[in-house]
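Trainee: Can you read through this structure? Questions will come right after.
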Amino acid sequence: MVSLPPEARESEGIGQFRPPLPATFTKDKTFREPGRAEESFSKYDSLTILKKFLLINAPDLLSAPPGIEIIAFLATPSTLPHWITQEELEFCAEKFQKSGFTGALNYYRAMDMNWELLGAWQGARITVPTKYIVVGDKDVGFQSFGTKDYIKGEAFRSLVALVPDLQVVVVDGHHYIQLERAKQITKEIISFFSKK
C-alpha cells in the first residue's frame with residue numbers, strides 16, 4: 001500500500017510501517033539466502049513440506065534452534081484440517097514437485113527490493129474503492145512481525161486519509177483462508193463488487 005526507502009523505514013509514523021522480519025528471515029537467512037531453503041527442502045517430498053507449513057500459527061515456529069533448519073524443526077501433522085483433502089494437497093504437491101519452491105521463496109527474498117520499487121508511490125492516494133481481506137487472524141504473518149498490532153493500531157487507521165474508501169476484513173483462520181473460509185471469502189469478494 002505505502003512504502004519507504006530503506007533508510008526511512010526506521011522512524012515511526014504514517015506509511016512507515018514495515019513489519020520486522022523474524023530471525024529466520026534476517027539473522028540466519030534460512031529463506032533469504034538463495035539455495036539454502038531449497039537444499040534443506042530437498043530432503044523431503046513436496047507433500048511433506050506443504051503439510052509442515054500448512055497450519056503454522058505460532059511465530060516462534062519460524063525460528064529453529066541453532067544448527068537446525070526450520071523444515072527439520074517443524075512437525076508433520078498426522079491429520080489434515082477439514083478444509084483441505086488429501087487429493088487437493090497432493091495436487092498442489094505435484095505442482096511444487098515439478099517446479100520446486102524457489103518461486104515461492106523468492107517472494108521473501110525480494111521484500112527489500114519491493115519496498116524500494118514501491119517507494120515512488122509513498123503518500124499516493126488510492127481513490128478507488130478498496131477492500132483489504134487480511135490473511136486469517138491465526139496466520140503467523142498476522143500474529144508476528146508487528147502486523148496485528150499495526151492493523152489494529154492508530155497508524156493503520158491514519159491511512160484512511162490515503163485510502164478514503166477502504167474496508168478492512170480480518171478473517172478467523174490461518175494462511176489459506178481462501179480454502180479454510182471459502183464461503184466467507186467468496187461472500188466478501190461478491191459484496192465488494194456488488195457495492196454501489
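Trainee: What is the extension gain from Val128 to Thr102, computed as 0.36 nm multiplied by their sequence separation minus the C-alpha to C-alpha distance, in nm to one decimal? Don't skip to the answer; put the middle values down first.
Mentor: Numbers: separation 26, 0.36 × 26 = 9.36 nm, distance 3.41 nm.
In short, 6.0 nm is gained.
Trainee: Determine, from the Cβ-Cβ distance of Thr186 and Thr85 and an R0 of 22 Å, the FRET efficiency 1/(1 + (r/R0)^6), rounded to the nearest 0.05. Before the final figure, lay out the partial values.
Mentor: Numbers: r = 18 Å, r/R0 = 0.84.
Result of the calculation: an efficiency of 0.75.
Trainee: Something else now. Distance check, please: which entries in Lys98/Lys148; Lys138/Lys183; Lys148/Lys195; Lys52/Lys131; Lys51/Lys98; Lys131/Lys152 exceed 23 angstrom between their Cα atoms?
Mentor: On the way: Lys98/Lys148 35 Å; Lys138/Lys183 18 Å; Lys148/Lys195 27 Å; Lys52/Lys131 31 Å; Lys51/Lys98 17 Å; Lys131/Lys152 16 Å.
Lys98/Lys148; Lys148/Lys195; Lys52/Lys131, as the Cα separations exceed 23 Å there.
Trainee: Another question about this same structure. Could you go through segment 169-185 in sequence order and give the Karplus-derived ³J(HN,Hα) for each residue, using 6.51 cos²θ - 1.76 cosθ + 1.60 with θ = phi - 60°, rounded to whole Hz, and x for Gly and Pro?
Mentor: With the stated coefficients, segment 169-185 comes to 10, 9, 9, 6, x, 9, 6, 9, 5, 5, 9, 5, 10, 4, 5, 5, 5 Hz.
Trainee: Roughly how far apart, in whole Å, are the Cα centres of segment 97-131 and segment 145-196?
Mentor: 17 Å
Trainee: Once both labels are modelled 7 Å past Cα along the beta-carbon direction, what's the Val168-Leu118 spacing in nm?
Mentor: 1.5 nm
Trainee: Report the full-extension gain for the segment Lys43 to Glu154: residue separation times 0.36 nm, less the Cα-Cα distance, to one decimal in nm.
Mentor: 35.5 nm
Trainee: Right, next: List Phe41, Phe193 from most exposed to least, where exposure is judged by having the fewest other Cβ atoms within 10 Å. Display every interim value, and only then the final one.
Mentor: Values: Phe41 21, Phe193 8.
Sorted ascending by nearby Cβ count, the order is Phe193, Phe41.
Values in this text are rule-based calculations from the coordinates and carry no lab data. Here the structure is a predicted model, which means the values were calculated and not measured. Reconstructed Cβ throughout: ideal geometry from the backbone, glycine too, with neighbour counts over all protein chains shown.
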